Each structure stands twice: as C-alpha cells, then as structure tokens.
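These notes concern the structure reproduced below.
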C-alpha cells in the first residue's frame, strides 16, 4: 500500500452540517493533525471566504486556519490568473468573497466598461434581471463565462 501523502476532506456534509460538527469529526481532524498529515479542507461554497469558513469551524473546535481551506473562489482566482492574467472580471455571486479573489481585477456591478470574464458563483438576490442583462451584454461582446462550480442554482 502506498504511503498517504496528504488528506483532502470535504467540509460541508462530511465534517459539519449547517456549520455544526458531526459526531467524531473534530476528534478525527485532531488525529490527522497529530499524525502530521498535510491536510486541506475543500468546499464548493462560493458565499463565504476562507477566513469566514475557518473561523466558523474553529469556533466549534476544529483545528483549522484559513490556509487549510480550499474554496471554489480561491481555485477560480488561481485559474483566471494563470489563464487570463490581467483580465477584467465581473463577479456575479452572493456573499463577501473579495479577499479570496485577491489579484483579480474586479469590475463593479453596473459598471458600463468592458469586461473580459464573467465569473459566476452561487445565486442570490444579486441574480436579477438587470444583472443577467448586463452579463448577457458582456458575453455578446466576447467576454468568457467562468462558473465557480457546477451547482444548479
């Protein structure tokens, strides 16, 4: 059997449900830490920053920091920086994730200037007719559409 080189753990539904720890989850993560396994918690949430997620988990006893968390916005930001460096991005998403999109040039909602990328996350009140009309206009003008996950809503 190969030696375990790292452990990836999905947070929502595996460690927690509605940000409450599942039985044994805190202890399991502590044991992984004690065994010195490189560890990352992964989530496809687009509505909370890594710092917010880490804080919520730490408050319930999980030994984690923001550096332990991989989110869809962090991965999307890395992808865009690698594939579209310097691109101007319009974000359509619910939640405050700006800190996880560091390094990207973000256009403000309603800004009439051109954008190169439309970055879409989780639906919420930001998903209005006006917002979709603006997004569609950018896409018609050649902007690329990048979705942060394959969620249906």
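Taken together, the values in this text are just the output of simple stated rules run on the coordinates, not laboratory data. The model shown is predicted, which means the values in this text are computed figures rather than measured ones. Backbone-built Cβ (ideal geometry, glycine too); neighbour counts: all protein chains shown.
The table that follows gives values for the structure above.
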| item | result |
| --- | --- |
| Label point at residue 109 placed 7 Å out along Cα→Cβ; residues across the range 34-69 whose backbone nitrogen lies under 17 Å | 46-49 |
| The range 7-71: Rg to Rh, with Rh as the Kirkwood radius over Cα pairs | 0.91 |
| Where N is the number of residues in the range 73-147, Cα Rg divided by 2.2 N^0.38 Å | 1.00 |
| Nearest 10 degrees, 0 to 90: helix 72-83 Cα axis against the chain principal axis | 60 degrees |
| Estimated distance in nm for a label pair at residue 30 and residue 59, the labels positioned 7 Å out from Cα along Cα-to-Cβ | 2.1 nm |
| For the chain, convex hull of alpha carbons as volume per residue, Å³ | 138 Å³ |
| The range 73-147 - percent relative contact order, Cα under 8 Å, separation 6 or more | 33 percent |
| Within the chain, helix-based [θ] at 222 nm, where runs of 4 or more DSSP H residues each add -39,500 (n - 2.57), nearest 500 | -8500 deg cm²/dmol |
